[in-house]
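The values are calculated or read from the model by the stated rules, or taken from the named source; none is laboratory data. On a predicted model such as this, the values are computed, not experimentally measured, just so you know. FYI the Cβ positions are ideal-geometry reconstructions off the backbone, even for glycines, and counts take in every protein chain you see.
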Ligand SMILES: Nc1ncnc2c1ncn2[C@@H]1O[C@H](COP(=O)(O)OP(=O)(O)OP(=O)(O)O)[C@@H](O)[C@H]1O
Ligand SMILES: [Mg+2]
């Protein structure tokens, strides 16, 4: 089954979204590009490494645009029926239940398909008429084709570093989308994000960001993924709990990044170089 989460903010009277804007600091021109594409009814693909802020960005933009957000985490067992809907038995009746994509199409919500390349191509093909100028969703089982309600937006994301060529998106799907590339924020921006998210002071955040940057400069060095903003925030949260900096970096950054003993040793050396003195002072 698709894991699905509604927008955290409730629809209030008059359909406006209530609640504060999810905290998001722009990293480049993603906000302007996204909103221009959305206004033009173009679909959008967000590309970038894990933990660089794609999901948070979509939440913030959906809030700005005052649209509900429907998120689907894609996986290789995801079927078209999981997206579109299916007949279910309720008592002695069979009733049609809309899937998340159909609900978004009917409600004019933003539908966010996370890690879309995990889904099989025969599943994602249902996106084609929605992703181009037709903005339609054919529902074979019901024998109807829905026109997307105004406000509907299709956004997908994936991490280009992960998957094999085999799992790459079909060209016909890719070419229906505007691509926004995400990278990690500039150091001064990332310091602000880490400090805000973890509630640590800027000096602590800056030390972690310097350490994260050193890992990112390793040119892979046996790592499949480098240290993301997410893992730096996790380390900062542990520091906020009173853990020594070096321990926090070990368990929240080095540990999650690798199982390889030699690579782990290399990361631990970096911890000593970049955070050792602080650890000794704790
Ligand atoms: N630009 C940013 N502004 C605010 N917070 C950010 C930003 N970038 C990253 N974060 C923080 O990093 C965390 C991880 O980001 P997020 O979950 O959006 O990553 P993602 O790119 O969706 O990762 P994945 O590909 O693993 O789903 C967020 O919960 C948020 O705390
Ligand atoms: Mg995400």
Please state which of the following conditions residue 192 fails to meet, knowing it meets all the rest: (1) at pLDDT 85 or above; (2) under 30 Å from residue 98 (Cβ atoms).
-> (2)
Taking only the range 72-87 into account, find how many residues are crowded, with 22+ Cβ neighbours inside 10 Å and within 14 Å of ligand 2 (Cβ to nearest atom).
-> 2
Would the range 228-247 turn up any residue that is under 24 Å from the mean Cα position of the chain (by Cα) and either in a loop (DSSP other than H, G, I, E, B) or over 24 Å from residue 53 (Cβ atoms) (or both)?
-> yes
Pick out the one residue from 58, 45 that is buried (at least 20 other Cβ atoms within 10 Å of the Cβ), within 16 Å of ligand 2 (Cβ to nearest atom), at pLDDT 95 or above and within 22 Å of residue 185 (Cα to Cα).
-> 58
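Inside the range 91-170, counting only helices (runs of 4 or more DSSP H) that do not spill past its ends, which hold 1 or more residues that are without any contact (Cβ under 8 Å) to a residue 60 or more places away in the chain and over 29 Å from residue 36 (Cβ atoms)?
In the range 91-170, 121-124 are the helices (runs of 4 or more DSSP H) which contain 1 or more residues that are without any contact (Cβ under 8 Å) to a residue 60 or more places away in the chain and over 29 Å from residue 36 (Cβ atoms).
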Failed item, numbered, when residue 200 is tested on (1) surrounded by 18 or more Cβ atoms within 10 Å (Cβ to Cβ); (2) part of a helix (DSSP H, G or I) = (2)
Which residue pairs have Cβ atoms closer than 7 Å, lie 6 or more positions apart in sequence or on different chains, and pair a first residue in the range 36-52 that is farther than 19 Å from residue 194 by Cα and touching a residue at least 60 places away in the same chain (Cβ under 8 Å) with a second residue that is part of a loop (DSSP other than H, G, I, E, B) and more than 16 Å from ligand 1 (Cβ to nearest atom)?
-> 41/135; 43/176
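Given the structure, is residue 263 modelled with pLDDT of 95 or more, on the phi < 0 side of the Ramachandran plot and in a helix (DSSP H, G or I)?
no
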Based on what the data block shows, is residue 229 surrounded by 13 or more Cβ atoms within 10 Å (Cβ to Cβ) and over 21 Å from residue 105 (Cβ atoms)?
-> yes
